[in-house]
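A short worksheet on the structure shown next.
Computed from the coordinates by the stated procedures, all read-outs in this text should not be read as laboratory data. Everything quoted here is computed from the prediction, not taken from an experiment. A quick note on method: Cβ atoms are made from the backbone with ideal geometry, for glycine too, and the neighbour counts reach across all protein chains shown.
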Amino acid sequence: MPDIERPEMTMRDYWRVLMRRKFVVIVGMLAVAIPAVTLSLAQTPIYQAEAQMIVQSLPGESVFGSAYLGYIDPDRVVQNEIQVLESEVVAQRLMTNLGLDTTPPGVTGAAVGSTDVIAVRVQSGDPPTAQALADAYVEAYIDTKREQSVGGLIQAAGELQARTTQLQAQIEALDDRIATDTDAGASDAEVRTLNDQRRVLVDQQALFTQRLDQLQVDAALTSGNAQLVRQASEPQTPIEPNPQRTGLLALVVGLLLGIGAAFLIDFIDDSVRSPETLATLAGGLPVLAVVPVDPPPDNRPIAISKPDDFAVETYRSLRTNVQFLGFDTALKAIQITSAMPGEGKTTTAVNLAVVLAQAGNRVALVDADLRKPRVHHVFALSPLYGLTNTLLGDPVDLAITQVDEHLWVLPSGSVPPNPSEMLGGRRLQAVIEELKAQFDYVVIDSAPVLPVSDAIALSRQVDGVLVITQAGRTSAPQVRQTLAGLEQVSAPVLGVVLNKASSRQSGAGYEYGYGRYGYAFDESAKQNKPSKPSKPSQQPAASSFPPP
């Protein structure tokens, strides 16, 4: 058997996959959203307070009075100050200012737009604590920056003081030399040179002294290069948890996971869903019908209770195809089977028999599923007398029941302990030949192929076999195994039928639901009188054998 070829999917195909697997998507969304929201509601509320400070992004005068003329990136300066704010040095200063023994909650800084203002944010489980810490961090930062600035100025002042002292020593040395040279009668030129050197040193000393005085003033007035702009206010609502935001994000994540799971499940799902796939698996066998299963309005087969329904039209198409297949060769005994139970073989057998009878053919419907017979439920017949009795030697006309003008039903009878042996014996062939001689068509509902060997044994005694598959349920390996098993015994397989198809596959303008039929005919069907019905809806239950 050939493998399934997966055609290229379109957007409409993707949408169908999501609609087919919508419960997987919904479960994925709920599976993520519900725990996320639950955990969010269980979290301790966290409050955030924010203070703002402005920092100086341009440098001031240098020690020697020359302004820095190079380019300074304000954004880089602000980011540097944010790093200082979040450093351990500021945290230690905060602990010193507040007299804390434990490390306080961390602080985060963020630039406010393109300005030099920094937002100082602190989070805490207590709103007043968050407010106090935000202001305290600004104060600790300013103190730290002031200490750093003053420390730099004091260091520079110390260096200037040492240089001034050295200049004073040099001046005093020159004064002594000038006095000595003058007393020794040195020339005016030599004395003048020494005075010029002394004058230069005095000018340098005066300049350093001026700078030293300026540094002392700067050290006294420096503010740490930062200033508080807005104090923090006490937060009223927590920033965490946020169940609405968490739930929305969880729904989005769950939606993505659900969609992924839906496509993964659909990819690994090897069930037959389209006539094209079934035709590929059938290996040349025709797909005789694509049947949507429409729940009937009452307990009768839909071919009787709602004859104008689209589903009934597909059964009529199946009837036409079967009749065309028997145009050249005798095709009277038709076996209906499936790969596994629950794929609609009994429903197909019942409605095919009904539409064949409605076309004026004398039809015998035989329930040869001796494992789990269901035809007697459809027509409200007794399951205690039927095919098994005829296989044991009773006449067929005593077991068969007329339920319509052209339709007779042979129930399964009591379930035997050895169904396969009974269906493979010569007596069954004789019963089928007898029915073929008396009826135009004999529709036989048999057991599934894969669980038991009953259908394989029966297939050698019929004129044709129809294999029923159910869209979305019958898997590709099951189709292969079923057809291979029938092929091994040279069963006359006519074709396959796709059951429970969607509207796109079946050609209907609407989707079809599916449910198990629980048929029950009128009370008149329970009577054992060979009367003909006055109306099609009134089904007599006579058990006389029809004339040839």
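A few points about this structure:
- Each of LEU285 and LYS22 was given a label point 7 Å from its Cα along the Cα-to-Cβ line. The distance between the two points is 3.4 nm.
- The listed peptides 489-498, 253-262, 176-185, ordered by packing as a protection proxy, come out as 489-498, 253-262, 176-185 (highest mean of other Cβ atoms within 10 Å first).
- When both the range 15-57 and the range 373-408 are represented by their alpha-carbon centers, they are found 64 Å apart.
- Judged by the mean number of other Cβ atoms found within 10 Å, the most tightly packed of the peptides 116-128, 33-45 leads the ranking 116-128, 33-45.
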